[in-house]
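What follows is a short report on a single structure.
The values are calculated or read from the model by the stated rules, or taken from the named source; none is laboratory data. Everything quoted here is computed from the prediction, not taken from an experiment. Note that we place each Cβ from the backbone using ideal geometry, even for glycine, and neighbour counts take in every protein chain shown. The protein model used for the area step is the full one, side chains on, heavy atoms only, and it has no ligands, DNA or RNA in it. Shrake-Rupley method; radii C 1.70, N 1.55, O 1.52, S 1.80 Å.
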Amino acid sequence: MSGDAGPDGDRWYDTLLVWTPWLLLPASTVIALTQPGRTWRDHAITLGLVGATAGWVYLGHTRVPPDRRRRTLPMLSYFAGLLTLCVALMTRDVIFLLFAITGFFHAYHLRPWPLGAAGVFGTSIVINTMASGVPAMTVPSLGTYLGVIVVQTVAISAGIVLAERTTAQHEQRRQLVARLEAALEENAELHAQLLAQARAAGVRDERQRMAGEIHDSLAQGLTGIITQVQAAQRVWHSPTRAREHVDRALALARDGLDEARRSVQALQPRQLEAAHLPAALGELVGCWADDTGLAVRFDVTGEQVALSPAIDVTLLRVAQETLHNVLRHADASRVGVTLSYLTDVVLLDVRDDGQGMNGGADQGFGLRSMMQRVRGVGGVMEIESAPGEGTAISVRVPAIPTGAA
């Protein structure tokens, strides 16, 4: 990613990529060496492979300057060696699949994006084949095996595509800034001030938008995919039932990829393309109920009016994030969603009978993101919750009609 795209965030992400193998490899090694029934010869062979892997990662990645990590051929060679060593380690002990996850992270170094996607695909094949073995030559077994690999590849590769396109956008912005600097050289001091303000505002807004969109679409989609795959594993003995969950996971992956493209292009959510807010919320609530099996009641009150797209998107995303939090944290059995049109305001209420919230209302990226969205359109969000008494989130936004300034 471009340095101009935000130095602090890029340094943090580069640091994550550097330290990931050094966190996962020692952990896997310790677990492998404490397995019962192994001889000293087994331990010696395992430690030898671990040493070779550590040396390969250190010389091929950790000590490599960031600029060289963006070169195609060196990183392809490094990545091929990394996967080979992962296979060798998992042959010794399957617990090294923890370290093999490094392949998903380091595939982000492979450019252009089809190579990154191929790296993710190869890593998924290695992990699933070494962990579960070669599947039986039957349609259910092969379908599940390939389905899991395809879901992993599509879901993770979406992030690679998103990163590359964002990098291209930042590069175009950098080139534009360079041309402006040349044109305004005579007014260098004033230009520097304006440039710093524009760059800071642009990067902050872009990051906030991308962070919110990734959280609202990709992160929640991946959570749904994981849930469906785990459900398929629980009914593995019944291919028909397992196939239903795998098909649902594939559908969620496709939706996530579509939302990723929309996020890059700054498009509105798919549900609002051909429907007004009540219908879009109804579709969201219905799909969520089908996926979770929870009882959900959705009501619309008042005289419906066509609202500004910004208001529609805000209320839809708040409902989406709130339902996501109910599934992850509330342990609820019933949920109620109400959309109320009043004279000059619109209210969205989401209530559940779950375990309530123990922490403050400002904890967590999701809640902060919702509050920022609501404040951005001049609204207010209130949270009422107590341990064991459920949670109620109420959003009040101005009823700005379509086309209003």
Inset, instruction - Identify the residue in the stretch 285-318 that is open to solvent by 30 Å² or more (accessible area, probe 1.4 Å) and part of a strand (DSSP E or B) and, among all such residues, is modelled with the lowest pLDDT. - result: Ala295
Legend entry - Boolean, Val335 is farther than 24 Å from Cys287 by Cα and modelled with pLDDT of 90 or more: no
Inset, instruction - Within the stretch 1-50, track down each residue that is at pLDDT below 90, part of a helix (DSSP H, G or I) and polar (S, T, N, Q). - result: Thr15
Legend entry - Residue count for the stretch 330-345, restricted to those that are within 17 Å of Met381 (Cβ to Cβ) and open to solvent by 60 Å² or more (accessible area, probe 1.4 Å): 1
Inset, instruction - Working carefully through the options Glu185, Glu164, Glu189, find the one that is in contact with a Phe, Trp or Tyr (Cβ under 7 Å, 6 or more places away or on another chain), at pLDDT 60 or above and surrounded by fewer than 19 Cβ atoms within 10 Å (Cβ to Cβ). - result: Glu164
Inset, instruction - Looking only at the stretch 117-158, count how many residues are open to solvent by 30 Å² or more (accessible area, probe 1.4 Å), in contact with a Leu (Cβ under 8 Å, 6 or more places away or on another chain) and under 16 Å from Glu244 (Cα atoms). - result: 1
Inset, instruction - Provide a single number: the residues in the stretch 18-46 that are exposed (fewer than 15 other Cβ atoms within 10 Å of the Cβ), of a type in the set (A, V, I, L, M) and in contact (Cβ under 8 Å) with a residue 24 or more places away in the chain. - result: 3
Legend entry - Subset of the stretch 371-405 that is farther than 16 Å from Asn325 by Cα and small (Gly, Ala, Ser) - its residue that is most open to solvent (accessible area, probe 1.4 Å): Ala405
Inset, instruction - Scan the stretch 130-150 and give yes if some residue there is within 15 Å of the chain's Cα centre (by Cα), of a type in the set (A, V, I, L, M) and assigned to a helix (DSSP H, G or I), otherwise no. - result: no
Inset, instruction - Among the residues of the stretch 48-58, count how many are over 17 Å from Ser77 (Cα atoms) and surrounded by 14 or more Cβ atoms within 10 Å (Cβ to Cβ). - result: 2
Inset, instruction - Mind listing just one residue for me: the one in the stretch 59-69 that is open to solvent by less than 100 Å² (accessible area, probe 1.4 Å), assigned to a helix (DSSP H, G or I) and not charged (D, E, K, R) and, of those, modelled with the lowest pLDDT? - result: Pro66
Inset, instruction - Could you check how many residues of the stretch 6-64 are polar (S, T, N, Q) and more than 13 Å from Cys86 (Cα to Cα)? - result: 6
Legend entry - Selection within the stretch 70-97 - in contact (Cβ under 8 Å) with a residue 40 or more places away in the chain, open to solvent by 40 Å² or more (accessible area, probe 1.4 Å) and of a type outside the set (A, V, I, L, M): Arg70, Thr72, Arg92
Inset, instruction - Working carefully through the options Ala118, Ala107, find the one that is part of a helix (DSSP H, G or I), more than 20 Å from Leu23 (Cα to Cα) and of a type in the set (Gly, Ala, Ser). - result: Ala118
Legend entry - Which listed residue, of Tyr78, Tyr13, is aromatic (Phe, Trp, Tyr) and farther than 27 Å from Arg174 by Cα: Tyr78
Inset, instruction - Kindly list, by first and then second residue, each pair from a residue in the stretch 105-121 that is of a type outside the set (Phe, Trp, Tyr) to a residue that is part of a helix (DSSP H, G or I) and open to solvent by 60 Å² or more (accessible area, probe 1.4 Å), limited to pairs with Cβ atoms under 8 Å and residues at least 6 apart or on different chains. - result: Leu110/Leu76; Leu115/Leu76
